[in-house]
Amino acid sequence: MKITAVEPAGIAGALGIREGDELLEINGRRVMDSIDYRFHESDAALTLRVARNGEVTIFDIEKDDGEPLGLEFEEMKVLSCGNDCIFCFVDQNPKGLRTGLYFRDGDYRLSFMYGNYTTMTNAGPAILQRIIDQRLSPQYISVHVTDRTVRARLMGLKKDDRILEKIALLHDNGIDMHTQIVLCPGINDGEILERTVRDLYRYHKRVVSLAVVPVGLTDHRFGLSALTRIDGAYASRLLDAVEVWQKEFRKKIRRAFVYPSDEFYLLAGRALPPGAAYDGFPQIENGVGLVRSFLADFRRQSASFPERLRTRKRLTLATGELAAPFIVKSVAGRLARIGNLDVRVRVVPNVLFGRSVTVAGLLSGKCLYSALEGEDAGDLLLLPPDIVNADGLLLDDVTLPQVADRLRVPVMMYDGDWGAVFSALKGSQRRHDKRQLLPSSTT
């Protein structure tokens, strides 16, 4: 691995290891990535093989257990997915987005580090052994279906990838797993779904949870297999089936094991389960219990909301179509009780992926402009959480300052702190000309 930075006062710096050198081995083991490095670096006695300009130098080091060497490395190359799933969202992206959105990630290391889901199709014996040896636990695995014939059709497999054997191996070696099923009506549902659920339940000691999420279909499925969208009636039937399994499993292992995503409840118009039903929210990043957690946190913070603002302010809450009903009822309804605060919920249709994509997290700058341009959004436009990536970009590479400039309103993304929202409202300033609202200088 190429070294990109060396801490001058660290062990490696004192030994004369430089930026640009390559770390080849630690204790006779090849260093493949930063996980390898961190795993072996913790030992007290190390032998490093370092290359510089074609020459290899060996460093014998004795240090305290866990003491870092002080090295940083280039980003590791991400492994791609080994499948061709007929429902893959990447294949349904519109043209013109950034390159990374067209890459199918299938890297077990990112699964361990960030909770990314992988299918494990490309996980051969060496990868599985590494997961076990280095305790890369938990792993997040997209199973989708265990029936071999359906699995081949759904995931584009040319041969049996032995998914249950891999899960059994990880289970027997103490690796925790969180799993998911992307549900495609008429393909991996019904009896096939129940079989998948029960196949995975056999490994419940290490398969901690199983999420069932609805297939996402955009308007850009050109030349792809025909799939059926999930509607409210289908969602209701799915919830009926899952609740039976949950009741059975909870009696046996004291947890539900299988969890439908929030989208099923919202589509069916059903009340969300109480927080305790999510057993610690192990699948919250997968949209399971996210709404319940959000509402519980909102109620907790609402106890500290001001009774009245000093000056009249207008707040616009932008959200996707799916979340709009509970935002209107539970969030806007409570905020409206604050004196001098006018609250409006603006439902933003998804014009980038298509109206069938209704989750707030997939809204883009194009969507916001289409719904809000030319409107008076008041003193602050509050956007859904996680609508931008780590670089501050929406899906179409628009930034929040660009949204503020174009819509002529102060903009912020909700980050979990309503106190910050009230502070932003307090500091916002509006100026009107004859035509439109100008952006606040505090944005």
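General observations
- Cα-based shape type of region 170-323, given that a ≥ b ≥ c are square roots of the gyration tensor eigenvalues and the cut on a/c is 1.5: oblate
- Candidates D107, D43, D172, ranked by Gaussian network fluctuation over the chain, Cα under 10 Å, top entry: D43
- Taking the protein heavy atoms of region 176-247 in the context of the full set of protein chains, the accessible area attributed to carbon and sulfur is 50 percent at 1.4 Å.
- On full extension, the segment bounded by T399 and V90 gains 109.0 nm, given 0.36 nm per residue less the C-alpha separation.
- Annotation: amide H-H contacts under 5 Å for T358 (H modelled 1.01 Å from N, sequence separation of 5 or more, or interchain): none.
- Counting only the Cα atoms, region 1-140 fills a convex hull of 142 Å³ per residue.
- Cleavage-rule hits, trypsin sites (Lys or Arg not before Pro), region 286-370, DSSP coil, Cβ neighbours within 10 Å at most 15: R337, R355
- Linear extension gain, S423 paired with K159, 0.36 nm per residue minus alpha-carbon span: 89.3 nm
- GluC sites (Glu not before Pro), loop per DSSP, at most 16 other Cβ atoms within 10 Å - longest free stretch of the chain: 76-306
- Heavy atoms of C81: accessible area, 1.4 Å probe, square angstrom to 10: 40 Å²
- Top of G106, G289, G70 by mean-square fluctuation, Gaussian network on the chain, Cα under 10 Å: G70
- Relative to the current alpha-carbon distance between S137 and R202, full extension at 0.36 nm per residue lengthens the span by 21.5 nm.
- For region 338-354, 3J(HN,Hα) computed residue by residue from phi via the Karplus equation (6.51, -1.76, 1.60; θ = phi - 60°) reads 7, x, 6, 10, 9, 10, 10, 9, 10, 7, 10, x, 8, 8, 8, 9, x Hz, glycine and proline entered as x.
- Computed from the C-beta positions of R29 and E62, the FRET efficiency with R₀ = 22 Å rounds to 0.75.
- Candidates V208, V182, V50: whichever shows maximal mean-square fluctuation once the chain is modelled as a Gaussian network with Cα springs under 10 Å: V50
- A crude spin-label estimate for the pair T228 and M76, with each label 7 Å from Cα along the Cβ direction, gives 4.1 nm.
The values are calculated or read from the model by the stated rules, or taken from the named source; none is laboratory data. Quick caveat, the model's predicted, so the values are computed rather than measured. Quick reminder, even Gly has a Cβ in these numbers, built from the backbone with ideal geometry, and neighbours come from all protein chains shown. We work out accessible area using only protein heavy atoms, side chains counted, and drop any ligands, DNA or RNA first. Shrake-Rupley method; radii C 1.70, N 1.55, O 1.52, S 1.80 Å.
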